[in-house]
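Supplied in structure tokens, the structure appears directly below.
The values are calculated or read from the model by the stated rules, or taken from the named source; none is laboratory data. For clarity, every value in this text was computed on a predicted model and none was experimentally measured. When we count neighbours, we look across all protein chains shown, and the Cβ atoms used for this are built from the backbone with ideal geometry, even at glycine. The area values use the complete protein model at the heavy-atom level, side chains included, leaving out ligands, DNA and RNA. Shrake-Rupley method; radii C 1.70, N 1.55, O 1.52, S 1.80 Å.
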Amino acid sequence: MTLISSKSWRMLRSNRTALVGLCIVTGLLLGSLLIPLLSSASPDSQDFERFLSPSFQHPFGTDALGRDLFLRTFAGGRISLFVAFVAVGFSLLIGVPMGLIAGYAGGKVESLIMRFVDLMLSFPSILLAIVLVTAFGGASLQSLVLSVGIVGIPQFARQTRGEVLSLREHEYVLSAQALGFGHVRILLRHILPNAIAPLTVLSTLRIGTAVLEAAGLSFLGLGVEVGTAEWGVMIKDAREFMSQSPWLAIFPGLALSMTVLGFNLFGDGLRDVLDPKQVRKG
Amino acid sequence: MLQYAGRRILGMIPLLFLVILTIFLLIRSVPGDPARNLLGDKATPQEIERVTEELGLNEPLIVQFGIYFSNLLQGDLGRSYLKDQAISVEIGERFPATFELATAAMLLATFFGLLAGILSAVFRGKWLDYLSMFLALVGVSVPVFWLGIILIMFLGGNHPFPSAGRVDWGAHHAYEPGSEFYILDSLLHGDFAMTWELLRHLFLPAIALATIPMAVISRMTRSSLLETLHQDYVRTARAKGVDERRVVLKHALRPALISVITVLGLQFGVLLAGAVLTETVFTWPGLGTFIVDAVNERDYNAVQGGVLVIAVGFMVCNLLADLSYAWIDPRVKL
């Protein structure tokens, strides 16, 4: 990989924060991909006795419909991670070009784009997500992904613009301009590659937030369908049986917290390695 | 300073207009016929036509917005069709609940965030630093709604802390509440038993809501205090033989607080919105539950009103944060 040079890779390995984060993230990814595949039962099959306490057969117990919670928790990771990755991909796809154009073009184009970014940032993110889900016709996987994705756009646009503003004054960019290269080529070949490191850090941290937002929306009944093996939905359903079977809420919540913690640790560590100068965002 | 403040406030007006327009357009773009959404699938065409006319939905979009906006300027947020009452009335009842909750959470977050941040900076690289920074990281990673449920499991029930609602009116009735700001009201009436009752209800949701700002504040305090602790004048103070406590709390902390205070303003705005999840967990009758219920009942006028109020509160908090920054630190006069 060109992004992480061998030197960075060595630094990353010596950075304990990043390493712990990477382990958590990898473990959860593998677990949520493999465990539902390897198991003979389906996470949705209601084959077992209801409300079983955690045991050897059912490490996390079973839920109100007799489904295995261990399987459901890992299957839930698939949805949360899928939503988060696709949503962050979407934010990147829209936000980065916005930032590139704003930073490079300057003038009216810049102020128009940044006004739009300001407008989006005048909404608290969870609130904006709620309104967007509503506008997209209510709870569904598509509106969840789109909403979480849109909410992330302004951060990427801002960060990219900031990078472009500082990079475009560099001599190698000026000489590329002097050589008569086109704007698109300068942006994509000369500026963007140098902005990739900070964008990687931001994406990593943003995935953690996106997981949280998606689960929060599902918890409010504005995310994936009722009954889906998804952490927010599972926690919402577990509220009813809080005193009777506390593990129904505890395990999905732990998985959710670990995921977010993993991405935050990894993102923090990546930042230390990739761009030590950058200041923490609030 | 006044000039700067005036310019910032004036500058907010176009943005505010765009926010109002955006919310209006997003709500109007909800798929399906609004009147049918409101009445359900069993409505007859005549009923739908009547409601469409009543709500002015047969007018062109721009006329609808014009009417909405001019009503808004007079403080009229429209009517909740389902509850048949003015939305501003219900928001007036709900806002104090959210405000009390957010304020309590902010107080907790500020106190413990500052404490953890100062200890971290002073004992940099020691276990206390690692512990509080680890807790800060956990604080931003744990979902608020899950933490709320866990708190209810371990501390909830009626003893010692109730896990739902603001107050149990049946239990206590020393006076007629004069306003929706219950805590302030009980203090004004000198009914401290009532104040205690209210605080007991407030305790768990405030803790759940406080975790994220607490984490942010402690990180911010730590990093800006570490910066000022390395300044020349702090070294001079130490060289003069000033007591270490005084060096930290007086010489280093005061300038470090400038950036922390800005964060406080921003976080309060975030709290107003973050209350959506916390309120749902603790069935707190605030703006958050108001919006979520309205979304689920497809009462789109109510959604529009609630979202607008929180968005405006959020913008005002951001503005105050900026202004306080310019006020405290004369160097940032723009």
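Taking region A:144-157 only, how many residues are free of Cβ contacts under 8 Å to residues at least 60 places away in the same chain and surrounded by fewer than 21 Cβ atoms within 10 Å (Cβ to Cβ)?
Residues meeting the conditions: 1.
What number goes with the only condition from (1) free of Cβ contacts under 8 Å to residues at least 60 places away in the same chain; (2) away from chain B (no Cβ under 13 Å) that A:GLY89 does not pass?
Unmet condition: (1).
Looking at region B:68-103, which of the residues that are of a type in the set (A, V, I, L, M, F, W, C) and open to solvent by less than 20 Å² (accessible area, probe 1.4 Å) is farthest from B:VAL167 (Cα to Cα)?
The selected residue is B:ILE87.
Determine, yes or no, whether B:ILE27 is closer than 23 Å to B:PHE69 by Cβ, in contact with a helix residue (DSSP H, G or I) (Cβ under 9 Å, 6 or more places away or on another chain) and at the interface with chain A (Cβ under 10 Å from one of its Cβ atoms).
yes
Give the number of residues within region B:1-29 that are open to solvent by less than 60 Å² (accessible area, probe 1.4 Å) and either in a loop (DSSP other than H, G, I, E, B) or closer than 30 Å to A:ALA129 by Cα (or both).
The qualifying residues number 12.
A further question on this structure: Run down A:LEU71, A:LEU128 and say which single residue is more than 14 Å from the chain's Cα centre (by Cα), within 12 Å of chain B (Cβ to nearest Cβ) and not basic (Lys, Arg).
The unique qualifying residue is A:LEU128.
All but one of (1) open to solvent by 10 Å² or more (accessible area, probe 1.4 Å); (2) within 13 Å of chain A (Cβ to nearest Cβ); (3) more than 30 Å from A:ARG239 (Cα to Cα) hold for B:LYS250, so report the exception by its number.
(2)
Could you list, in sequence order, all residues of region A:211-221 that are facing another protein chain (nearest Cβ under 7 Å), among the aliphatic types (A, V, I, L, M) and open to solvent by less than 10 Å² (accessible area, probe 1.4 Å)?
A:ALA215, A:LEU220
If you don't mind, another one. Counting only residues that are within 19 Å of B:SER29 (Cα to Cα) and facing chain B (nearest Cβ under 7 Å), how many does region A:115-125 have?
The qualifying residues number 2.
For region B:264-274, indicate whether the set of residues that are of a type in the set (A, V, I, L, M), more than 10 Å from chain A (Cβ to nearest Cβ) and open to solvent by 30 Å² or more (accessible area, probe 1.4 Å) is non-empty.
yes
Related question: Here's a check for you: in region B:290-307, which residue that is more than 10 Å from chain A (Cβ to nearest Cβ) and either open to solvent by less than 10 Å² (accessible area, probe 1.4 Å) or at pLDDT 85 or above (or both) is farthest from A:GLU225 (Cα to Cα)?
B:GLY305
Take A:VAL184 and decide whether it is more than 12 Å from every other protein chain (Cβ to nearest Cβ), out of contact with any helix residue (DSSP H, G or I) (no Cβ under 6 Å at 6 or more places or on another chain) and in a helix (DSSP H, G or I).
The answer is yes for A:VAL184.
How many residues are among the aliphatic types (A, V, I, L, M), open to solvent by less than 40 Å² (accessible area, probe 1.4 Å) and more than 11 Å from chain B (Cβ to nearest Cβ) when one looks only at region A:224-246?
So the count comes out to 3.
Each row is one residue, and each column tells you yes or no for (1) open to solvent by less than 60 Å² (accessible area, probe 1.4 Å); (2) in the same structural domain as B:MET214 (by TED's automatic domain parsing); (3) modelled with pLDDT of 90 or more.
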{"residue": "B:MET106", "(1), (2), (3)": "yes, yes, yes"}
{"residue": "B:PHE111", "(1), (2), (3)": "no, yes, yes"}
{"residue": "B:LYS126", "(1), (2), (3)": "no, yes, no"}
{"residue": "B:PHE134", "(1), (2), (3)": "no, yes, no"}
{"residue": "B:VAL138", "(1), (2), (3)": "yes, yes, no"}
{"residue": "B:PHE145", "(1), (2), (3)": "yes, yes, yes"}
{"residue": "B:MET153", "(1), (2), (3)": "yes, yes, no"}
{"residue": "B:PRO160", "(1), (2), (3)": "no, yes, no"}
{"residue": "B:SER163", "(1), (2), (3)": "yes, yes, no"}
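Hey, another quick one. Does A:GLU240 satisfy the condition of being at pLDDT below 85 and closer than 22 Å to B:VAL292 by Cβ? Don't jump to the end; show me each part of the working.
On the way: at pLDDT below 85: yes; closer than 22 Å to B:VAL292 by Cβ: yes.
Taking the combined requirement at face value, the residue satisfies it.
Six or more apart or on different chains, Cβ under 6 Å: which pairs go from a residue in region A:247-262 that's within 7 Å of chain B (Cβ to nearest Cβ) to one that's of a type in the set (S, T, N, Q)? Could you list them?
A:SER257/B:SER141; A:VAL260/B:SER141; A:LEU261/B:SER141
So in region B:30-55, with the set limited to residues that are within 14 Å of chain A (Cβ to nearest Cβ) and either of a type in the set (Asp, Glu) or not in a helix (DSSP H, G or I) (or both), which one is least open to solvent (accessible area, probe 1.4 Å)?
If we take residues in region B:30-55 being within 14 Å of chain A (Cβ to nearest Cβ) and either of a type in the set (Asp, Glu) or not in a helix (DSSP H, G or I) (or both), then B:VAL30 is least open to solvent (accessible area, probe 1.4 Å).
Looking at B:THR283 and the list (1) surrounded by fewer than 21 Cβ atoms within 10 Å (Cβ to Cβ); (2) assigned to a helix (DSSP H, G or I); (3) of a type in the set (S, T, N, Q), which single condition is not satisfied?
(2)
Only one of (1) open to solvent by 30 Å² or more (accessible area, probe 1.4 Å); (2) touching a residue at least 12 places away in the same chain (Cβ under 8 Å); (3) more than 14 Å from chain A (Cβ to nearest Cβ) is not met by B:ASP232, so which one is it?
Of (1) open to solvent by 30 Å² or more (accessible area, probe 1.4 Å); (2) touching a residue at least 12 places away in the same chain (Cβ under 8 Å); (3) more than 14 Å from chain A (Cβ to nearest Cβ), only one is false for B:ASP232: (2).
To continue, here is another question. Which one is most open to solvent (accessible area, probe 1.4 Å), of the residues in region B:318-334 that are closer than 16 Å to B:GLY11 by Cβ and modelled with pLDDT of 75 or more?
Looking at residues that are closer than 16 Å to B:GLY11 by Cβ and modelled with pLDDT of 75 or more, I get B:LEU320.
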